[in-house]
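Colleague: Sharing a structure here in structure tokens format.
The values are calculated or read from the model by the stated rules, or taken from the named source; none is laboratory data. All figures in this text were calculated on a predicted structure; none of them were measured in a lab. Ideal geometry is used to build each Cβ from the backbone, glycine not excepted, and the neighbour counts take in all protein chains shown. Accessible surface areas use protein heavy atoms only, side chains included; no ligands, DNA or RNA. Shrake-Rupley method; radii C 1.70, N 1.55, O 1.52, S 1.80 Å.
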Amino acid sequence: MGTAPECSFVIFGVTGDLASRKLLPALYALHRSGDLHPSTRIVGYARSVEDDEALRERLTRAAREHVDDFDESSWAELSERIVAVRGGYDPEGFASLAARLEELGIDAHVYYTSTPPEAYEAIVRGLAEAGLAGPERSNRRLVVEKPFGNDLASARALNADVRAVFDESQVFRIDHYLAKETAQNLAVLRFANSLFEPIWSNRYVDHVQITMAESIGVEGRGAFYEEAGVVRDVFQNHLLQLLALVAMEPPARYDADAVRDEKVKVLRATSCLAPEDVVLGQYQAANGMSGYREEEGVARDSNVPTYAAASFSVGTWRWAGVPFYVRSGKRLSAKSSEIVLHLKRPPHVPFDGLPEPLPADRLVLRLVPDEGISFRFNAKVPGQGISLERVSLDFSYGERFEGGVPDAYETLLADVLRGDATLFMRADEIEAQWRVVEPILATPADDPAPYPAGSSGPLPALTLLERDGRAWLEPGEA
Ligand code: BG6
């Protein structure tokens, strides 16, 4: 797409984990691909940074650890563009930042909040007070990491704080699932082909299953997870965004406003979760792995759910009567994220002696691992008579495209640098998503359903579909 315009890319919280694991490797990849403008500067801001040299050394260590195809000389080119600003979230800190940015002489700035969420409001205010941002300064952009608020009221308050300083077009709220190739490909599959969209409705789709299964536990983030739980961590954002991409109407144009207008409409039509439509679970020690309550930073009697399965309905002409079953959990048997559209069975099957019920066709959109798309259908086994077997038409990014898929953060940062907000959440989307999950945010008084670490989740999750005469697919089974 060519080199993005130059900017000073400010990372608040540059000494944190996200900066080392995701932002630096992404900036490095953009540098190598020529997307990053050669005069772009990376400004690392934190209380504990000393000077440019010390920060460069720290980030070089991080890059060696986290960058896959690390190359010393190409890293050296990027590293010399790193500068450090030491400061907290107070007027002195922002004054030093303003002075350093002025010295660098680049008018366009990106401000990335790679900090705990408690600092977001202070960052936005600090930037405004230091004269670094304002709605009229269109080349000053703000990137906000999730979690965006803790519930609907706090998300509204944060949106108001942000809106007081930035115009919506300058704000980029991250949901890295939107940058996964399969999530982006959903729009292409639906709107750049003629086969799929005609069947994309309650006329042909029986139900939709969206799964985000993780084999990892809380990975040292116990204290964060105690506040978040699975609903805030992934339902309010990644899973509802996937649902919106599946359920939205075709936008007139593929641009930030048109796409997000359609997503917000469908999110507003999505049912708020009622307790009877949700099963919550928590992993217990098993298979050599500790239970959630044994994790560091977790209360020994914690009722925070690490698993949830929910049934949503989308009240639109297109989706009336089609349940969207959505689930996610930590410490499940495998890492697997996928969206499966289960098609209705044909109204009349003219062959005798086939299994009852006939297996239904399925369209499987795989996000993790091995991003790709498969269509599973019935085919005739060669030979005399009619007997059927399940076959699959498969497309895998890894097999089809050399070089595989970029990391989501690489895509997202490139879009921020170019000012394209299509893959970022707008204020009204965030609020619509909180509305949907709000009724089940409170930590349950009773214990969530236990499930053994390394299993496929709590048994009561099965009943959510069984009561509708359906069944979950095992992750990866589709
Ligand atoms: C993050 C969640 O947003 O997404 C984590 O906070 C989760 O808990 C992660 O592990 C999963 O992302 P991915 O890309 O590895 O599926």
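Colleague: Would you please give the FRET efficiency between D151 and E219, computed as 1/(1 + (r/R0)^6) with r the Cβ-Cβ distance and R0 = 30 Å, to the nearest 0.05?
Modeller: FRET efficiency, D151 to E219: 0.80.
Colleague: Right, next: If you filter the stretch 304-378 for chymotrypsin sites (Phe, Trp or Tyr not before Pro), then keep DSSP loop positions with at most 16 other Cβ within 10 Å, what is left?
Modeller: W317, F351
Colleague: Can you work out the accessible area per residue across the chain, with the rest of the protein chains kept in place, probe 1.4 Å, in square angstrom?
Modeller: It amounts to 43 Å² per residue over the chain.
Colleague: Charges only on Cβ, +1 for Lys and Arg, -1 for Asp and Glu: so what's the dipole of the chain about the Cα centre, in debye to the nearest 20?
Modeller: That gives the chain a dipole magnitude of about 1140 debye.
Colleague: Return the inverse of the average 1/r over all pairs of distinct C-alpha atoms in the stretch 267-383, which is the Kirkwood hydrodynamic radius, in Å to one decimal.
Modeller: 18.1 Å is the Kirkwood radius here.
Colleague: Also, I was wondering about something else. So which GluC sites (Glu not before Pro) in the stretch 79-115 are both in a DSSP loop and have at most 14 other Cβ atoms within 10 Å of their Cβ?
Modeller: Those satisfying the criteria are E80.
Colleague: Take the Cα pairs of the stretch 396-472, get the Kirkwood Rh, then feed it into Stokes-Einstein at 10 °C and 1.306 mPa s and tell me D in µm²/s.
Modeller: Roughly 91 µm²/s, to the nearest whole number.
Colleague: State, to one decimal in nm, how far the label point of A274 lies from the label point of D68, with both points 7 Å from Cα in the Cβ direction.
Modeller: Between A274 and D68, the label points sit 4.6 nm apart.
Colleague: Of the listed pairs K146/K344; K180/K335; K180/K263; K265/K335; K22/K335, which have alpha-carbon separations greater than 27 Å here?
Modeller: With Cα atoms farther than 27 Å apart: K146/K344; K265/K335.
Colleague: Moving on to the next point. If you roll a 1.4 Å probe over the chain with all protein chains in place, what percent of the accessible area is carbon or sulfur?
Modeller: Carbon-and-sulfur percentage of accessible area, whole number: 51.
Colleague: Note down the net charge around L97, summing +1 for each Lys or Arg and -1 for each Asp or Glu among other residues with Cβ under 13 Å from its Cβ.
Modeller: That sum, taken over residues with Cβ under 13 Å, equals 0.
Colleague: Which GluC sites (Glu not before Pro) in the stretch 254-344 pass both tests, a DSSP loop state and at most 10 other beta-carbon atoms within 10 Å?
Modeller: E296
Colleague: Now, a different point. Percent relative contact order of the chain, based on C-alpha pairs within less than 8 angstrom and at least six residues apart?
Modeller: 18
Colleague: What percent antiparallel are the DSSP beta bridges of the chain, to the nearest 5?
Modeller: Bridges in the chain that DSSP calls antiparallel: roughly 55 percent.
Colleague: Within the P(r) computed for the stretch 17-91, what percentage of the Cα pairs occupies the region above 15 Å?
Modeller: Of all Cα-Cα distances in the stretch 17-91, 52 percent exceed 15 Å.
Colleague: From the phi angles alone, apply the Karplus equation (6.51, -1.76, 1.60; θ = phi - 60°) to the stretch 236-252 and give each ³J(HN,Hα) in whole Hz, x where the residue is Gly or Pro.
Modeller: So the J values, rounded to whole Hz, are 4, 10, 3, 6, 5, 5, 5, 4, 5, 5, 6, 8, 5, 7, x, x, 5.
Colleague: Next question. Can you give the log10 of the normalised intensity I(q)/I(0) at q = 0.08, 0.09, 0.10, 0.12 Å⁻¹, computed with Debye over equal Cα scatterers of the chain?
Modeller: The calculated log intensity ratios at q = 0.08, 0.09, 0.10, 0.12 Å⁻¹ are -0.52, -0.65, -0.80, -1.13.
Colleague: Of H37, F70, L459, whose Cα points farthest to the positive end of the dipole of the chain (charges on the beta-carbon: +1 Lys, Arg; -1 Asp, Glu; origin at the Cα centre)?
Modeller: L459
Colleague: Output the relative contact order of the stretch 258-402, whole-number percent, from Cα pairs under 8 angstrom with separation of 6+ residues.
Modeller: 14
Colleague: Per-residue HN-Hα couplings for the stretch 176-186, Karplus 6.51 cos²θ - 1.76 cosθ + 1.60 at θ = phi - 60°, whole Hz, x for Gly and Pro?
Modeller: Values per residue, Gly and Pro as x: 5, 5, 5, 8, 5, 4, 5, 5, 5, 6, 4 Hz.
Colleague: Can you give me the Cα centroid spacing of the stretch 162-192 and the stretch 16-40 in angstrom?
Modeller: 19
Colleague: Turning to a different aspect of this structure: Report the calculated FRET efficiency for S39 and M1 (r = Cβ-Cβ distance, R0 = 22 Å), to the nearest 0.05.
Modeller: Efficiency computed from Cβ-Cβ geometry: 0.75.
Colleague: Right, something else. Between A320 and A160, what is 0.36 nm times their sequence separation minus the Cα-Cα distance? Round to one decimal in nm.
Modeller: 54.2 nm
Colleague: If I take every Cα pair under 8 Å that is 6 or more residues apart in the stretch 7-75, average their sequence separation and divide by the length, what percent do I get for the relative contact order?
Modeller: Relative CO of the stretch 7-75 lands at 43 percent.
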